[in-house]
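Have a look at the structure below, then the notes.
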Amino acid sequence: DRRIKVIRLGIVHDTKNEAGETLLALDILKKIIRRYNVSCCVIDGRPFIDDARKLAREMPGKAYLYFNSESQRGVAMWRDQDWTVNINDCEAMDNSHTVLKEQRVELPRRSSLVETFAKHCHNVGRKLEEDEDTGDKRYYWRKLGEDHFRRAFNLMVLAMERTGVVRKNITKQSPRFATATMEGYGG
């Protein structure tokens, strides 16, 4: 199986440099993408849609906006004309949950951020919901507490599926390692 080596965990937000100038989170993300030579980045299209669109426009083919599509089934729909990706949130969370469950993730050494990542991963739960009128049943992922890093991990796995590093159905192959950077975006 293919293992994922997360090389950086962090929280990106607007900050000031040594000269007192404001550095926008969006510009910091662009620097990270360039520094680590990221081939595919997926950023949540909501709630900061203007920032997300700006990133996608400035990094075409590298940055995609994620949007949940309740009605979609199966593989993610990648659109290069507007740099978006649509997938059913439950299916995307199921895919990334499998990666976690199969212990195919190597995290940086233990730190407060790694501890926070672990807590965020435990702050979601899969629940079966039944429509009282129709009797239709469906699963959805429920937020049980702060889950920012868990959601960021979900988007990272989606990006890695796009690049072929992570596959849903893994066949026996020679071991390969993937590296990834995962940043929580503070807007």
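The values are calculated or read from the model by the stated rules, or taken from the named source; none is laboratory data. A quick note: this is a predicted structure, and the numbers were derived from the prediction, not measured. Ideal geometry is used to build each Cβ from the backbone, glycine not excepted, and the neighbour counts take in all protein chains shown. Protein only, heavy atoms only, side chains kept; ligands, DNA and RNA dropped before computing areas. Shrake-Rupley method; radii C 1.70, N 1.55, O 1.52, S 1.80 Å.
Tabulated data for the structure shown
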| read-out | value |
| --- | --- |
| Options Ile7, Ile87; residue that is in contact with a Ser or Thr (Cβ under 8 Å, 6 or more places away or on another chain), modelled with pLDDT under 90, among the aliphatic types (A, V, I, L, M) and within 24 Å of His122 (Cα to Cα) | Ile7 |
| For Gln103: the one exception among (1) within 27 Å of Arg142 (Cα to Cα); (2) surrounded by 14 or more Cβ atoms within 10 Å (Cβ to Cβ) | (2) |
| Breaking point among (1) crowded, with 16+ Cβ neighbours inside 10 Å; (2) in a helix (DSSP H, G or I), for Phe67 | (2) |
| Where a residue in segment 31-60 is free of Cβ contacts under 8 Å to residues at least 60 places away in the same chain and its partner, wherever it lies, is open to solvent by 30 Å² or more (accessible area, probe 1.4 Å) and in a helix (DSSP H, G or I), with Cβ under 8 Å and at least six apart | Gly45/Arg53 |
| Filter result (in a strand (DSSP E or B), over 23 Å from Phe117 (Cβ atoms) and open to solvent by less than 90 Å² (accessible area, probe 1.4 Å)) within segment 7-50 | Thr22, Leu23 |
| Any helices (runs of 4 or more DSSP H) falling wholly within segment 88-168 and containing at least 3 residues that are under 26 Å from Arg73 (Cβ atoms) and touching a residue at least 24 places away in the same chain (Cβ under 8 Å) | 89-101, 148-163 |
| From Glu146, Glu161, residue being more than 13 Å from the chain's Cα centre (by Cα) and either surrounded by 11 or more Cβ atoms within 10 Å (Cβ to Cβ) or modelled with pLDDT of 90 or more (or both) | Glu146 |
